[in-house]
Amino acid sequence: MNILFAASEAFPFIKTGGLGDVIHSLPVALNKQGNNVRLVLPAYRDVLASVDSLKDLGTIDVPGAGVRHKVSIIQAHEDILGDYLYLIDVPDLFDRPGNPYVHSDGYAWHDNAERYTVFSRAVALLAKWVPGSNWRPDVVHCHDWQTGLVPAFLSMVKHAPATVFTIHNLAYDGHFSQHDFNSLALPPAWWSPDFAEFYGGFSMLKAGILFSDHVTTVSPTYAKEICTPEFGNRFEGVLGNLGDKLTGILNGIDLDIWNPQTDRHIAENYSVNNKFSKGKSANKKDLLRRAGLAESDAPLLGFVGRLVEQKGVDLITAILPKLFETTDANMVLLGSGHMAYETDLMDLAAKYPDRFHVHIGYSEELAHQIEAGADMFIMPSRFEPCGLNQMYSLRYGTPPVVNNTGGLADTVVDVSLKTLQDKTASGFVAKQVDSESLYSIILSALDLYKNKKLWQQLCKAAMQQELGWEASAREYQKLYQAEVDAKQ
Ligand code: ADP
Ligand code: GLC
């Protein structure tokens, strides 16, 4: 099957979170199953700099906010997708440094509505016709709000390919004003609660949900949660009405990139059966050294992630002083995000310099080193559509400590008498989302850590959990086929 993936980020070109990882690894898995996936991204400055063999396929004229943009469709070459990467090049909109969505001060680019409308219009044109090629997608698979208008534009086209829209995170809904809507020359009929209008503005995410043939999200539990007011972010009505047009398919991880046996970022490679203890302790030693913490056998906690409310960063800062005062645990944390969280964390690191190391910023390398070197991985998200970091930590034998939500609930098998006995336990799942529960579940984890035999059993069960893409890619494939059949 021919599948066009449309997204706003993809590893290794540009990545702000798990979306980038999925847009890299799901196409690889689908191609392994015999499909032909081609990917289209905006031509951000960093992306243009990281690919080669650029070939200009042609220029199209696309309406933006009160102006028409000359949009070049570029074919780029990269190792994994070969020549199947397309870039939508509009220098006025995408030739900017750094993060694709926000300015260096942390605020969203003022023209995001225009940027992703123009991108989506161009993707819809590409879906009908790839200049210089007779390749045509059977399915266009769009991801998150930045591509929400693609199914909407394709709904106006006769014999359009089937469209699948994946919600990676409902908290980001691409909500813009009526002024933006009018300036972008969108069809007036879309300004309706039945289409893109949403609470006085318009939402590109809602457009993706309502105009696509099928909606998926990234874990079965999150698919249920988002139909409730607690997690629905005001979309619970829209999503609840979808019925079986909404499916939760669990993300997988790239087992080659996140593989302790071959990972080049870590001090010593290991696997379940080879050098497990030696590898873990060499990586812990290396991580402590990099973090400027003293070498020690005391339990080492790790965290990697965006420093935003979703990730429960405030729960961590709330318990750390008590944790440092009542236990011998140390912690290494890598992340960037909201300034208030960054400041709180830095203050704590200054207060407990020999217990807590904070690295504010983005480092692919350190992320791998924390997964390998920490004894346990702390991820107390308030909600988590899927979450990849807890799966990376499972793969590295670093049991995750999580809340019972979304993909965390679907991937971590909580320690209990029964799961320890049947050797399925792979981490710790708090019953409630608050700092007291986090504190007490970490205490339970630290307690089990003292029992070296059981701890090793836990780590090894974690490492042996099925985490790859195979089963989920097959589910996507089935769904694509059903949508293609339904079109005929
Ligand atoms: P989300 O997509 O909500 O951010 P996920 O757990 O799905 O959460 O994916 C996060 C991805 O981003 C992982 O690959 C993680 O390693 C990476 N990541 C997040 N923050 C950083 C950081 N500061 N440095 C390096 N990698 C990071
Ligand atoms: C989002 C979610 C995360 C998920 C990722 C990839 O960023 O927050 O839970 O793993 O997308 O689907």
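The values are calculated or read from the model by the stated rules, or taken from the named source; none is laboratory data. The structure presented is a predicted model; accordingly, all values stated were derived computationally and were not measured. Note: ideal-geometry Cβ built from the backbone for every residue, glycine included; neighbour counts use all protein chains shown. Please note that ligands, DNA and RNA were not included when accessible areas were found on the heavy atoms of the full protein model with its side chains. Shrake-Rupley method; radii C 1.70, N 1.55, O 1.52, S 1.80 Å.
I'd like to check something: does the range 10-22 contain any residue that is closer than 15 Å to T147 by Cβ and more than 16 Å from ligand 1 (Cβ to nearest atom)?
No: the range 10-22 contains no residue that is closer than 15 Å to T147 by Cβ and more than 16 Å from ligand 1 (Cβ to nearest atom).
Answer with yes or no whether N283 is away from ligand 2 (no atom under 16 Å from the Cβ) and not assigned by TED's automatic domain parsing to the domain that holds S25.
So N283 passes the test.
Can you work out which of the residues in the range 346-377 that are open to solvent by less than 10 Å² (accessible area, probe 1.4 Å) and more than 12 Å from ligand 1 (Cβ to nearest atom) is farthest from the chain's Cα centre (by Cα)?
F356
For the range 400-428, give me each residue that is out of contact with any helix residue (DSSP H, G or I) (no Cβ under 9 Å at 6 or more places or on another chain) and among the charged types (D, E, K, R).
D414, K418, D422
Select from the range 324-361 the residues that are within 16 Å of ligand 2 (Cβ to nearest atom) and within 26 Å of A462 (Cα to Cα) and list them in ascending order.
G335
Considering R96, R38, R45, which residue is open to solvent by less than 50 Å² (accessible area, probe 1.4 Å), under 27 Å from L307 (Cα atoms) and more than 16 Å from ligand 1 (Cβ to nearest atom)?
Step by step, each of R96, R38, R45 is checked, and only R96 is open to solvent by less than 50 Å² (accessible area, probe 1.4 Å), under 27 Å from L307 (Cα atoms) and more than 16 Å from ligand 1 (Cβ to nearest atom).
Which condition number in (1) touching an Asp or Glu at 6+ places or on another chain (Cβ under 9 Å); (2) farther than 27 Å from V484 by Cβ; (3) in a helix (DSSP H, G or I) is the one that G208 fails?
(2)
If we keep just the residues of the range 286-316 that are away from ligand 2 (no atom under 16 Å from the Cβ), farther than 19 Å from Y396 by Cβ and part of a helix (DSSP H, G or I), which is most open to solvent (accessible area, probe 1.4 Å)?
Ranking the candidates gives D314 first.
Evaluate the range 392-404: report whether one residue or more is over 27 Å from A298 (Cβ atoms), away from ligand 1 (no atom under 12 Å from the Cβ), at pLDDT 95 or above and not assigned by TED's automatic domain parsing to the domain that holds T247.
For the range 392-404, residues over 27 Å from A298 (Cβ atoms), away from ligand 1 (no atom under 12 Å from the Cβ), at pLDDT 95 or above and not assigned by TED's automatic domain parsing to the domain that holds T247: present.
Where residues in the range 6-31 are within 17 Å of V102 (Cβ to Cβ) and among the β-branched types (V, I, T), which of them is most open to solvent (accessible area, probe 1.4 Å)?
Checking each candidate, the answer is T16.
Only one of (1) away from ligand 1 (no atom under 16 Å from the Cβ); (2) surrounded by 24 or more Cβ atoms within 10 Å (Cβ to Cβ); (3) not in a helix (DSSP H, G or I) fails for P229. Which number is that?
Tallying (1) away from ligand 1 (no atom under 16 Å from the Cβ); (2) surrounded by 24 or more Cβ atoms within 10 Å (Cβ to Cβ); (3) not in a helix (DSSP H, G or I), P229 fails exactly one: (2).
Only residues that are in a helix (DSSP H, G or I) and over 30 Å from T216 (Cβ atoms): list them for the range 449-475, please.
Hits for the range 449-475 are Y449, K452, K453, L454, W455, Q456, Q457, L458, C459, K460.
Among (1) open to solvent by less than 30 Å² (accessible area, probe 1.4 Å); (2) out of contact with any Leu (no Cβ under 9 Å at 6 or more places or on another chain); (3) assigned to a helix (DSSP H, G or I), where does K224 come up short?
The failed condition is (1).
Filter the range 181-219 down to residues that are in contact with a helix residue (DSSP H, G or I) (Cβ under 6 Å, 6 or more places away or on another chain), open to solvent by 20 Å² or more (accessible area, probe 1.4 Å) and farther than 22 Å from R115 by Cα, then give me how many there are.
Counting residues in the range 181-219 that are in contact with a helix residue (DSSP H, G or I) (Cβ under 6 Å, 6 or more places away or on another chain), open to solvent by 20 Å² or more (accessible area, probe 1.4 Å) and farther than 22 Å from R115 by Cα gives 1.
Could you please let me know if F235 is within 16 Å of ligand 2 (Cβ to nearest atom) and hydrophobic (A, V, I, L, M, F, W, C)?
For F235, the condition - within 16 Å of ligand 2 (Cβ to nearest atom) and hydrophobic (A, V, I, L, M, F, W, C) - is met.
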